[in-house]
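In what follows, a single structure is set out as C-alpha cells and then discussed.
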Amino acid sequence: MPVTKGEYQVFRNACPRNCYDTCSMQTYVKDQRIQFVEGAPESSFTDGGLCVKGYSYVQQVYAKDRITHPLRQVPRGSGHWERISWDTALETIARKIREIEEKDGSLHGLCLATGSGNHGITNNSPDGMMSSLGYTTRTRGTPCWPAGIDAQAYDMGEMWCNDPEDLVKSRYIILWGVNPAWCSIHSMKFIYEARERGARIIVIDPLFTQTAAKADLYCQVKAGTDGILALGMARVIIEEGLTDPDFLSNHTLGYERFTAYLDQQICLAQVSEICGIPESEIRSMARDFASIKPATIWVGYGMQRHTNGGANVRAIDALGALTGNIGKPGGGVRYGHKTNRIFNYYAASMSPPQGAGPGKDRFINTNRLAQEILDAENPPIRMLWNTCRNPFSQDFNRPLLERAFKKLELVVCVEQFMTMTCEQADIVLPVTTLFEEDTINVAYWHYWLALNEKAIAPVGECRSNTRIAMDLSEKMNQLFPGSCTFPTHLTSEEWISREFNDRVYEMFGITSWKDLKSGPVKAVIPREAWGDGRFATPSGKYEFYSKLAQSHGHKALPEVVPGRKPSAPFRILTPHSKFSIHSQFQNLDYMTAFNPEPCVRIHPKAAAQKGICDKDLVRVFNDQGQIVVRSRLTTTVPQDTLVLHEAWFKNKGYCVQNLVDDQSSDMGVFKTGSPGVAIHDQFADIEKISPAARRFPFNFWKTR
Ligand SMILES: Nc1nc2c(c(=O)[nH]1)N[C@H]1C(S)=C(S)[C@@H](COP(=O)(O)OP(=O)(O)OC[C@H]3O[C@@H](n4cnc5c(=O)[nH]c(N)nc54)[C@H](O)[C@@H]3O)O[C@H]1N2
Ligand SMILES: Nc1nc2c(c(=O)[nH]1)N[C@H]1C(S)=C(S)[C@@H](COP(=O)(O)OP(=O)(O)OC[C@H]3O[C@@H](n4cnc5c(=O)[nH]c(N)nc54)[C@H](O)[C@@H]3O)O[C@H]1N2
Ligand SMILES: [Mo]
C-alpha cells in the first residue's frame, strides 16, 4: 500500500531510462491521477531532485498524442491507420509467427530488436518471450559503451569503478569526454563538493560543454586523439619520476615494454600538434595528475565512440595505473560497472517449447541493424518485433534502414508515441509508462536499488511488455497448443519475487524486496574497485601488456591507433541532449517550450567562410544523406566541427542518422558480443540554402 501524505497517495518509482542517474522517485497521486513527481530523499545520489526530463513525466503519461490502443497501418508507411482490438492484433501476430515457422522450419525469420527504452529488470520479458517461442534472431550488443568495456576488460579484467559518491574524496578530477552537467546531473553535486574540499576539475572534450563551463581547466582536444594525449601525459609522468613504484612492481604487468614503447614512439611536440593542446599544458596536467593524490579520471561514453575508441580508453587507464590511483578511495579510472547485475533475470530466461528441437538463436549486431536485416538469409528476417527501441531515430544509416524495412513482411512496434519507427510499422501495440507497472531498477553508475510501484491504472488500453508477452503466450497456446512456454498468469509481485536471490539480498542488506517499499537501498560496498590490488585479468595484475587483447586482433600495449580518415570538410558530432534522452521527452510540449527547435552549431569563423549567419536555413550533407536545419553560431565548437544533438523533435523531420553511418569502433565484441559504433567519426559539409531554393516546399526528412 502507498503512503498517504495529506490529500495524496505517495508511490515509490524509479526512472528506468538508460541513464547513469537512474533516479529513485516519489509519485503523488490524487483522484487516480498523477499530480506531480519528485526525487526520493532517501537516496543520497538522487537526493530529492530530478532532471528536467524527470519533471516532465506527468506530461508524458497524459500527453494527448500518447498511443492508447492497438493500431494497424495498411499498407505500411501509408499513414492509413485503423484502431484494432488487442485480440485482433495478437491473433494476427500469432498467425504470422506460425506461418514463418511452417515456411522456414525455424523461427529465425522472427527478429527481436530491443533497445534501451526501459531498463526495469522485469522489462527483459521480450527476450523471455522470444525464448519461450523457440529459437529466433536477436540483436546483440549496445551502442553505449562497448569499446570502453573491452578496453577496461583487457587492462583490469572487467569494467568496474568506485561509487560515484566517493568523487568527493578526489583532489584532482579529470572529466574525459563526459558531460555530466547534462547526462548525469546528480553526479555534479559530488564534483562540486570535491572542489569545495580543494579539488581541481579538468574537462577534456572537443566541445566546450556545460560541464566544461564549470571546470577549473578546459582542454579542447581534437576528437579521436585522446589516446595520444594520454600517452603524452604518461611519458611526462615517467620521465619526471612521478610514477608509483610500489603499485607498478606489485600489481602490474608489462610496465617495461610500455615505457620502451613510449620512449621510442611518443614525442611530446608531435603529441601537442596532433591533439591541439600546447606542450606546456600537457606537462602541467600530467604533473598535477601524478602528484595530487588521490586523482581520478571519469572516462565518458562519448569519447570511445570512435574507430580507435577502445585503444584510447586503454591509454587513459594506463595513467591511473602508472600513478597507483586505481583501487584508492577518490581514485580510479571510472567508466561504469555491472557488479549489481546479479538478479535472476527470470523474465528473460524461458525454455523453448517441447518440439522446438535442438537449435540456437541467431544473433545480429545491434549497431548495424539495417545491414544485418539486409544480409540475413536462409531464412531472411521476415518479422521484426521492435520494443524499447526507436531505430528510425537512433540507429545508424537511416537511408539503409529504409531499404532494410522494405524486406520485412511484418513489423510490430511496441510504443508509447507515434515515433518515426511506428510510421514504418504494420502493427503498433500501446505500452505502459513506468507509473503503470511494477518493477525494480538498478544503475550502471551509482549503487542504489529502487522499487517501481504501479501508481496508476494503465492509461487507455496500454499494457506492459511483460503483460504483452503473457497475452501473446495465451493467444499462441489457444491457437496452437503447446507453442509457447511464457507464463500466462503471474502477478506482478510474482514477477518481481522471481528476480531476487540471496546474493541480491546480501548485497543490498535487505531480507525481502518488500523492504524497498520504505525507500531505495544502497549496496554495501566492502572496498573500492580493485582495492585489494587483485585484478581479474589472466595474470591477476593490471596489464599494460595484454596478450588477450593481442589474441583478439588488437595491440598488446595501449598504442596509438590513428582515427578514421575525414571524408568531408567538417567532423559532425551528434552527442546527447539535456532536454531528451535519445528520442524521448523532446517530443513533449513542456520540453518544446525549453528547446523549441533543432539546430546545427557552427563556429562563427567557419560560418563566415560559408556565408552562413545565425539562424540561417542550412543543408548539412554527406554521401549518405542530408539534414535541413537552422544554424546557430557559437564559439563552443571547434572550427572544423558541426554539432547536431540527437533527439526526436516531433513533426520536424529532424534525424541525425541521415548523416551518421554504422562504422564500427575497434572494440566491444569481447564483452558485449558486438563492436561499438564510431558515432563521432562522421563527416559532412554544410551550405546555406538560397532564398530561391527555399520557395520550393522543402522535404526535411527525405534523404537525397
Ligand atoms: N547519432 C547518434 N545516435 C545515437 C547516439 C548518439 O550519441 N548519436 N547514442 C546511442 C546510444 S548511447 C543509445 S543508448 C541509443 C538509444 O536508442 P534507443 O534505445 O532507441 O532509445 P530511446 O529513444 O531512449 O528509447 C526507444 C523507445 O523506447 C520507448 N519506450 C519507453 N519506455 C518504454 C517501455 O516501457 N516499453 C516499450 N516497449 N517502449 C518504451 C520510447 O518511447 C522510445 O521511442 O541511441 C544511440 N544512437
Ligand atoms: N540528458 C541526457 N542524459 C543522458 C542521455 C541522454 O540522451 N540525455 N543518455 C544516456 C546514455 S544512454 C548514455 S550512453 C550516456 C552518455 O553520456 P556521456 O558520455 O556523457 O554523453 P555523450 O553526450 O554521448 O558524450 C559526452 C561527450 O563526449 C564528447 N566527445 C565526443 N568525441 C570525443 C573525443 O574524441 N574525445 C573527447 N575527449 N570527447 C569526445 C562529446 O563532445 C560530449 O560532450 O548518458 C546517459 N544520460
Ligand atoms: Mo547509451
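The values are calculated or read from the model by the stated rules, or taken from the named source; none is laboratory data. Remember, it's a predicted structure, so these values are computed and weren't measured experimentally. FYI the Cβ positions are ideal-geometry reconstructions off the backbone, even for glycines, and counts take in every protein chain you see.
Residues that are acidic (Asp, Glu) and away from ligand 1 (no atom under 16 Å from the Cβ) were ranked within region 170-220; the one that is surrounded by the most Cβ atoms within 10 Å (Cβ to Cβ) is Glu193.
Quickly run through region 195-218 and pick out the residues that are out of contact with any Phe, Trp or Tyr (no Cβ under 9 Å at 6 or more places or on another chain) and touching a residue at least 60 places away in the same chain (Cβ under 8 Å). Please lay out each step first, then the result.
Restricting attention to region 195-218, the residues satisfying the condition of being out of contact with any Phe, Trp or Tyr (no Cβ under 9 Å at 6 or more places or on another chain) are 195-198, 206-207, 213, 215-217.
Pro206, Leu207, Leu217, listed by residue number.
Conditions tested, residue by residue: (1) touching a helix residue (DSSP H, G or I) at 6+ places or on another chain (Cβ under 7 Å); (2) touching a residue at least 12 places away in the same chain (Cβ under 8 Å).
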position: Gly241; (1), (2): no, no
position: Asp246; (1), (2): no, yes
position: Ser249; (1), (2): no, no
position: Ala269; (1), (2): yes, no
position: Ser272; (1), (2): yes, yes
position: Glu279; (1), (2): yes, no
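Does Asp127 satisfy the criteria of being more than 16 Å from ligand 3 (Cβ to nearest atom) and surrounded by fewer than 24 Cβ atoms within 10 Å (Cβ to Cβ)? Show your work before the answer.
On the way: more than 16 Å from ligand 3 (Cβ to nearest atom): yes; surrounded by fewer than 24 Cβ atoms within 10 Å (Cβ to Cβ): yes.
Considered against the rule, which asks whether it is more than 16 Å from ligand 3 (Cβ to nearest atom) and surrounded by fewer than 24 Cβ atoms within 10 Å (Cβ to Cβ), Asp127 comes out as yes.
Just need a number here: residues in region 125-138 that are in contact with an Asp or Glu (Cβ under 9 Å, 6 or more places away or on another chain) and either more than 18 Å from Gln354 (Cα to Cα) or of a type outside the set (Ser, Thr, Tyr) (or both).
If we filter region 125-138 for residues that are in contact with an Asp or Glu (Cβ under 9 Å, 6 or more places away or on another chain), which is where we start, we get 130-131, 133-138.
Add one more test, that the residue is either more than 18 Å from Gln354 (Cα to Cα) or of a type outside the set (Ser, Thr, Tyr) (or both), and what stays is 130, 133-134, 137-138.
Residues meeting the conditions: 5.
Scanning region 569-589 for residues that are more than 10 Å from ligand 2 (Cβ to nearest atom) and buried (at least 19 other Cβ atoms within 10 Å of the Cβ) gives Phe570, Ile572, Asn587, Leu588. Going through region 369-383 one residue at a time, which ones are touching a Ser or Thr at 6+ places or on another chain (Cβ under 9 Å) and among the aliphatic types (A, V, I, L, M)? Answer for region 369-383, where residues must be touching a Ser or Thr at 6+ places or on another chain (Cβ under 9 Å) and among the aliphatic types (A, V, I, L, M): Leu369, Ala376, Ile381. Criterion applied to Val620, Val637 was being over 22 Å from the mean Cα position of the chain (by Cα), of a type in the set (A, V, I, L, M, F, W, C) and within 14 Å of ligand 2 (Cβ to nearest atom), and the one residue passing it is Val637. Please find, within region 269-289, the residue that is nearest to the chain's Cα centre (by Cα) out of those that are crowded, with 17+ Cβ neighbours inside 10 Å and among the hydrophobic types (A, V, I, L, M, F, W, C). It comes out as Cys275. If the condition is being farther than 25 Å from Gly39 by Cα and assigned to a loop (DSSP other than H, G, I, E, B), then region 455-481 contributes Gly460, Glu461, Cys462, Phe480, Pro481. Scanning region 349-360 finds no residues that are within 25 Å of the chain's Cα centre (by Cα) and either modelled with pLDDT of 95 or more or not small (Gly, Ala, Ser) (or both).
When you look at Asp685, is it over 30 Å from Lys338 (Cβ atoms) and either part of a loop (DSSP other than H, G, I, E, B) or of a type in the set (Asp, Glu) (or both), yes or no?
So Asp685 fits the description; yes.
Step by step: first the residues of region 520-564, then only those that are closer than 30 Å to Leu644 by Cβ and touching an Asp or Glu at 6+ places or on another chain (Cβ under 9 Å), then the one that is surrounded by the most Cβ atoms within 10 Å (Cβ to Cβ). Which residue is that? So the residue we want is Gly563.
Let's see how each residue does on (1) in a loop (DSSP other than H, G, I, E, B); (2) within 16 Å of ligand 2 (Cβ to nearest atom):
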site: Gln264; (1), (2): no, no
site: Ile274; (1), (2): no, yes
site: Arg283; (1), (2): no, no
site: Arg287; (1), (2): no, no
site: Trp298; (1), (2): no, yes
site: Met303; (1), (2): no, yes
site: His306; (1), (2): yes, yes
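When the residues of region 349-397 are filtered to those that are acidic (Asp, Glu) and away from ligand 2 (no atom under 16 Å from the Cβ), the one that is surrounded by the most Cβ atoms within 10 Å (Cβ to Cβ) is Glu372.
Considering region 510-548, the residues that are of a type in the set (Ser, Thr, Tyr) and under 28 Å from the mean Cα position of the chain (by Cα) include one that is farthest from Arg334 (Cα to Cα), namely Ser546. For region 85-131, a residue qualifies if it is under 26 Å from Ala376 (Cα atoms) and within 16 Å of ligand 2 (Cβ to nearest atom), and the qualifying residues are Thr114, Gly115, Ser116, Gly117.
At least 1 residues being within 12 Å of ligand 1 (Cβ to nearest atom) is the threshold, and among the strands (runs of 3 or more DSSP E) wholly inside region 556-675 those reaching it are 570-573, 626-633, 641-643. Mind checking whether some residue in region 403-415 is modelled with pLDDT of 95 or more, crowded, with 22+ Cβ neighbours inside 10 Å, within 16 Å of ligand 2 (Cβ to nearest atom) and within 18 Å of Gly77 (Cα to Cα)? Scanning region 403-415, I find no residue that is modelled with pLDDT of 95 or more, crowded, with 22+ Cβ neighbours inside 10 Å, within 16 Å of ligand 2 (Cβ to nearest atom) and within 18 Å of Gly77 (Cα to Cα), so the answer is no. Each residue in region 335-352 was checked for being more than 18 Å from Asn124 (Cα to Cα) and either in contact with a helix residue (DSSP H, G or I) (Cβ under 7 Å, 6 or more places away or on another chain) or of a type in the set (Gly, Ala, Ser) (or both), and 2 of them qualify.
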